[in-house]
Amino acid sequence: QVQLVESGGGLAQAGGSLRLSCSASGTILSINEMRWYRQAPVKQRELVALIENDGTTDYADSVKGRFTISRDNAKNTMYLQMNSLKPEDTAVYLCAADVIWSFDRREYDYWGQGTQVTVSS
């Protein structure tokens, strides 16, 4: 089995910074695309950023220039550096990954449980 665990959420003031981590563990051969989503109350889940295995990245317009996604393939870990935080960034942040399972070498989609980020004005 594979588990994704997020960490690093918490409370920040507007203009501040937080760094989220997403660590994958289990029977992993490799990981293709990794993604950060966020879910705010009464809003649709939003794709915040993604990073491919080769480091190619993409961002939602709402976070471009403020958030940076990165990954450490040796550690099966992804990060989200969030700077210049705004109250509207408040949400549960979830990570997802396309994992190649060791046993059958097929790709499966896994999700973490989420970590709360709250930005006060």
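Could you run through segment 26-52 and say how many residues are in a strand (DSSP E or B) and more than 13 Å from Asp72 (Cα to Cα)?
Here is the first cut: in segment 26-52, the residues in a strand (DSSP E or B) are 26, 28-39, 46-51.
Still in the list and also more than 13 Å from Asp72 (Cα to Cα): 26, 28-29, 35-39, 46-50.
So the answer is 13.
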Does segment 79-94 contain at least one residue that is over 18 Å from Ala12 (Cα atoms), at pLDDT 95 or above and β-branched (Val, Ile, Thr)? no
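Just for segment 62-111: of the residues that are among the hydrophobic types (A, V, I, L, M, F, W, C) and open to solvent by 80 Å² or more (accessible area, probe 1.4 Å), which one is farthest from Ala24 (Cα to Cα)?
Of the residues in segment 62-111, the ones among the hydrophobic types (A, V, I, L, M, F, W, C) are 63, 67, 69, 74, 78, 80, 82, 85, 91-92, 94-97, 99-101, 103, 111.
Now drop any that are not open to solvent by 80 Å² or more (accessible area, probe 1.4 Å), which leaves 74, 103, 111.
Values: Ala74: 11, Phe103: 16, Trp111: 10 Å.
The residue in question is Phe103.
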Boolean, Gln3 is under 18 Å from Ser120 (Cα atoms), surrounded by fewer than 18 Cβ atoms within 10 Å (Cβ to Cβ) and at pLDDT 95 or above: no
Report, ordered by the first and then the second residue, all pairs with beta carbons closer than 8 Å, sequence separation of six or more or different chains, a first member in segment 1-16 that is at negative phi and β-branched (Val, Ile, Thr), and a second member that is part of a loop (DSSP other than H, G, I, E, B) and modelled with pLDDT under 95. Val2/Thr27
Yes or no: Gly114 small (Gly, Ala, Ser) and surrounded by fewer than 15 Cβ atoms within 10 Å (Cβ to Cβ)? no
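For segment 19-38, which positions are closer than 15 Å to Gly114 by Cα and either open to solvent by less than 60 Å² (accessible area, probe 1.4 Å) or more than 15 Å from the chain's Cα centre (by Cα) (or both)?
First, the residues of segment 19-38 that are closer than 15 Å to Gly114 by Cα: 19-24, 34-38.
Leu20, Ser21, Cys22, Ser23, Ala24, Met34, Arg35, Trp36, Tyr37, Arg38 - these are the residues of segment 19-38 that are closer than 15 Å to Gly114 by Cα and either open to solvent by less than 60 Å² (accessible area, probe 1.4 Å) or more than 15 Å from the chain's Cα centre (by Cα) (or both).
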Could you give me the residue pairs with C-beta distances under 8 Å whose first residue belongs to segment 25-44 and is of a type in the set (Ser, Thr, Tyr), whose second residue is open to solvent by 50 Å² or more (accessible area, probe 1.4 Å) and assigned to a strand (DSSP E or B) wherever it lies, and which are 6+ apart or on separate chains? Ser25/Gln3; Ser25/Val5; Thr27/Trp101; Tyr37/Glu46; Tyr37/Leu47
Checking Thr118 against (1) within 15 Å of Arg35 (Cα to Cα); (2) in contact (Cβ under 8 Å) with a residue 40 or more places away in the chain, which test does it fail? (1)
Can you tell me which residue within segment 39-61, out of those that are of a type in the set (A, V, I, L, M) and over 12 Å from the mean Cα position of the chain (by Cα), is surrounded by the fewest Cβ atoms within 10 Å (Cβ to Cβ)? Val42
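Quick one: would you say Arg106 is over 14 Å from Val2 (Cα atoms) and either within 10 Å of the chain's Cα centre (by Cα) or of a type outside the set (Ser, Thr, Tyr) (or both)?
On the way: over 14 Å from Val2 (Cα atoms): no; either within 10 Å of the chain's Cα centre (by Cα) or of a type outside the set (Ser, Thr, Tyr) (or both): yes.
Criteria not met by Arg106.
The values are calculated or read from the model by the stated rules, or taken from the named source; none is laboratory data. Keep in mind the model is a prediction, meaning the values are calculated, not measured. Methodologically, a virtual Cβ is constructed for each residue, glycine included, from the backbone with ideal geometry; neighbour enumeration extends over all protein chains shown. What goes into the accessible areas is simple: the full protein's heavy atoms, side chains included, and nothing from ligands, DNA or RNA. Shrake-Rupley method; radii C 1.70, N 1.55, O 1.52, S 1.80 Å.
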